[in-house]
Amino acid sequence: MSAWITIVLLIISNIFMTLAWYGHLKLQEMKVITSNTPLYIVIFISWGIALLEYLFMIPANRMGYHGNGGHFSLMQLKVIQEAITLTIFTVFTIFFFKNETLHWNHFAAFVCLILAVYFVFMD
């Protein structure tokens, strides 16, 4: 069960990470903030969101790491996290940035990620 908890925590943390890193672009597109908004304000908002990311990422890694009784090695945790990150980012981009489109090479990259997850779990 802790493996699934780790994955769910990684998903939640990556949602916050994506919002922290790219949400300000959507806020600018929506005219909530402007290109004239001082960068330190945008950074402050992003760091506030990133704090929420860390509140989920750190427990996920700590709980999931086999050295702490979890099911995953560090390499497995990292590859899982990267696959989740790109999946969350893709969903975020499709739903919030209508001018961005997926192309064949993006799907090829996803296949490579799936293969990376497969290979990292091989003995």
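Observations on the structure shown:
- Accessible solvent surface per residue of the range 26-123, calculated while the other protein chains remain in place, 1.4 angstrom probe, Å²: 73
- Our estimate of slack between Phe96 and Ala116, defined as 0.36 nm per intervening residue step minus the Cα-Cα distance, is 4.5 nm.
- Surface composition of the chain: carbon plus sulfur atoms contribute 74% of the solvent-accessible area (1.4 Å probe, protein chains only, all chains present).
- Cleavage-rule hits (trypsin sites (Lys or Arg not before Pro)) in the range 19-123: DSSP loop, at most 14 neighbouring Cβ within 10 angstrom: Lys31, Lys98
- Kirkwood Rh in Å, taken over all unlike Cα pairs in the chain: 15.9
- Cross-link reach list, aspartates and glutamates versus Lys78, counting only Cα pairs under 20 Å and skipping chain neighbours closer than eight places: Glu53, Asp123
- Applying the Karplus relation 6.51 cos²θ - 1.76 cosθ + 1.60 with θ = phi - 60° to the range 80-95 yields 3J(HN,Hα) values of 4, 4, 5, 5, 5, 4, 5, 5, 4, 4, 5, 4, 4, 5, 5, 7 Hz, where x marks Gly and Pro.
- Positive-pole candidate from Ala3, Ile41, Phe107, dipole of the chain, charges at beta carbon: Ile41
- Two-site label geometry, Met75 and Lys26: point separation in nm, points 7 Å out along Cα→Cβ: 3.5
- Distances between placed amide hydrogens fall under 5 Å for Phe97 paired with no residue 5 or more residues away or on another chain.
- Simple Cβ-charge dipole of the range 12-123, Lys/Arg +1 and Asp/Glu -1, about Cα centre, in debye nearest 20: 200
- Computed over neighbours whose Cβ is under 15 Å from that of Val120, the net charge equals -1, Lys and Arg +1, Asp and Glu -1.
- Result for the chain in a Gaussian network model with C-alpha springs under 10 Å: among Phe97, Phe16, Phe72, the largest mean-square fluctuation is at Phe97.
- Potential lengthening between Phe107 and Trp47 on full extension [0.36 nm per residue; Cα-Cα distance subtracted]: 18.5 nm
The values are calculated or read from the model by the stated rules, or taken from the named source; none is laboratory data. Note that this is a predicted model, so its numbers are computed, not measured. When we count neighbours, we look across all protein chains shown, and the Cβ atoms used for this are built from the backbone with ideal geometry, even at glycine. Areas reflect the complete protein model, heavy atoms only, side chains present, ligands, DNA and RNA absent. Shrake-Rupley method; radii C 1.70, N 1.55, O 1.52, S 1.80 Å.
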